[in-house]
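I have placed the structure first, in the form of structure tokens, so that the comments after it can refer back to it.
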Amino acid sequence: MILERLKASWTAALQRKYFDLGIWTSPISPMALTMLNGLLIKDSSPPMLLHQVNKTAQLDTFNYQSCFMQSIFDHFPEILFIHRTYNPRGKVLYTFLVDGPRVQLEGHLARAVYFAIPAKEDTEGLAQMFQVFKKFNPAWERVCTILVDPHFLPLPTLAMEFPAAEVLLSAFHICKFLQAKFYQLSLERPMERLLLTSLQSTMCSATAGNLRKLYTLLSNCIPPAKLPELHSHWLLNDRIWLAHRWRSRAESSRYFQSLEVTTRILSQFFGTTPSEKQGMASLFRYMQQNSANMANFNQGLCAQNNHAPSDTIPESPKVEQLVESHIQHSLNAICTGPAAQLCLGELAVVQKSTHLIGSGSEKMNIQILEDTHKVQPQPPASCSCYFNQAFHLPCRHILAMLSARRQVLQPDMLPAQWTAGCATSLDSILGSKWSETLDKHLAVTHLTEEVGQLLQHCSKEEFERRYSTLRELADSWIGPYEQVQL
């Protein structure tokens, strides 16, 4: 009786929400209610969305999300991974999965948060699908990155529905695309094996150097007439690989294996049967039989929600990597190319070693390695270090402050000549800002500090010997009769 009331109230609410969207929905069929019954056994709350219109004997449109799937998306909305699966009739299943450093869910399809079958894969059908998803998921506004496959054509629709999100090709889909191309080329077995092995190794360690090596290998081994089909220039697009590079080799291997199994399951249950109803029913039965992660995940959410936030608790490495990834995105989006490269070099130092030693109402003291400088966080942000004083760009200390505050670069934090779209050349900026005298002073200061550190930690005998050597060197440069303070 309670179950029937839940179904009735949920159906009425669903139809009201679709009416608000301007979408007509027919009564839910017995097949849909059968699937709903099965999923209600596993989920204490009814599914948030189940939409079906029967114009013919086949399923026309379908959208589904359980409360458990919605709770996952609410906690990890930053990066959305979209995978498409076609069946023999040409109907396509869109599977939305969460991605990113914070997502630590084990099990196949554990990261799936939404299933949808649009009526047609055109602008109108996809816009309707995305609008329904957004209607039931307010967290969609926090989506920063959307990962898609190389054949994903409706990019304008996706950009229109998620205007604040950056759409990128996913590393997984690029890997699958290149694998398929290698097989299609009918290369000799040793060459094919070499390319596949190199591809696998590069995907598990997608550094700029490894990607460049794979690009060179493809250029040397693939016939020139066939090379454009591989789109090897994707390997040199650093924007694509920033969303994947934070993973270690072991994490990358597990990531690719998990997605490989997930996509095969989708193909097995939906992609091999011409009936969308049977395909989705089989997929849901599989999810019921492999839903052991739900209890563990819900316990983790309860513990996380009951724990009061505190500034003294350090962020996990995964969260820090996600924050730094967002800073990288903001640098590339706001700055000119040369400015972004300079600042990314500073951020690389931040990622290796950062220590926030104190903060006040107006200024923060940032210590990185052996250097200590004062940061003025109010726009335009400034720092006492040489890099910021010379270029007026966000230095490693300002970027460390942003990382500690979990913020990103804002346009008012750098001068107009460095913002994207500015016509000012890099040579004119460098020529006007760089000081050769200051550069020499900085180099000598760093060398002096390094020598001083070494002398402080050596024995008395070693100190006398090294000091005598420095004394002779100074006298030979300046003159034996002039006393030089070392």
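Summary of computed values
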item: Peptides ranked, highest mean first, by Cβ atoms within 10 Å: ranges 89-97, 63-71; result: 63-71, 89-97
item: Set K135/K176; K120/K277; K134/K176 screened for pairs whose C-alpha atoms are more than 25 Å apart; result: K135/K176; K134/K176
item: Whole-number D in µm²/s for segment 61-198 (Stokes-Einstein; Kirkwood sum over Cα pairs; 4 °C, 1.567 mPa s); result: 80
item: For D238, solvent-accessible area (1.4 Å; no DNA, RNA or ligand), Å²; result: 60
item: FRET efficiency, A164 to E188 (Cβ-Cβ, R0 41 Å, nearest 0.05); result: 0.30
item: Net charge of neighbours whose Cβ lies under 10 Å from the Cβ of F162, counting Lys and Arg as +1 and Asp and Glu as -1; result: -2
item: Cut-off under 5 Å, modelled amide H: who pairs with S382 long-range; result: Q376
item: Surface per residue (accessible, 1.4 Å probe) for segment 174-246, Å²; result: 52
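The values are calculated or read from the model by the stated rules, or taken from the named source; none is laboratory data. Remember, predicted model here, so these are calculated numbers, not experimental data. All Cβ positions, even for glycine, are placed from backbone atoms using ideal geometry, and neighbour counts span all protein chains on display. The protein model used for the area step is the full one, side chains on, heavy atoms only, and it has no ligands, DNA or RNA in it. Shrake-Rupley method; radii C 1.70, N 1.55, O 1.52, S 1.80 Å.
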